[in-house]
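The values are calculated or read from the model by the stated rules, or taken from the named source; none is laboratory data. What you see is a predicted model; the values in this text were computed from it and never measured. Here the Cβ is made from the backbone with ideal geometry for all residues, glycine too, and neighbour counts use every protein chain on show.
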Amino acid sequence: MIMILLKIFLQKSHNYKMEYNNMRDINQWPYNGEDGMSANFRAGNNLWIETNLESYWNQLECLPPIRQNNTVFMVGECYTHRESDGASCYAAFIEYDGRYFGKINALKDFDYNKYIQEIIKQFDL
């Protein structure tokens, strides 16, 4: 009887590990383009990623934004904290000239005009 219970326990444990290993990383974005946001942030690149209307709206509607101004917002859930100064970092999204962009940025650096200038420079708009 003990051997049967042990066998069942080990099988369930194995199944749990398989399910756990097949789960996606919660810090990887499930929408077009945003996986590059995470990669840029981890690499220390302060670059915007072009995304699409669907991703923009999915992120806008998933939680109330923590910051919003005009066509730019930050998703209401903190992504991580910046190692250099401990600043809370959020996914920022913006619509500019009919195109959609995103990056992970510190809450304290939220600035619509600065974001527009960065996008114009980075994408030669």
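Taken over the stretch 74-90, the criterion of being more than 18 Å from TRP48 (Cβ to Cβ) and aliphatic (A, V, I, L, M) is satisfied by ALA87 alone.
Per the conditions (1) buried (at least 17 other Cβ atoms within 10 Å of the Cβ); (2) over 21 Å from LEU125 (Cα atoms); (3) touching a strand residue (DSSP E or B) at 6+ places or on another chain (Cβ under 7 Å); (4) at pLDDT below 90, the sole criterion not satisfied by GLY36 is (2). When restricted to residues that are of a type outside the set (Ser, Thr, Tyr), surrounded by 14 or more Cβ atoms within 10 Å (Cβ to Cβ), part of a helix (DSSP H, G or I) and in contact with a Gly (Cβ under 9 Å, 6 or more places away or on another chain), the stretch 42-82 contains 1.
Residue-level analysis places GLU77 outside the set of residues that are under 19 Å from the mean Cα position of the chain (by Cα), at pLDDT 95 or above and of a type in the set (Asp, Glu).
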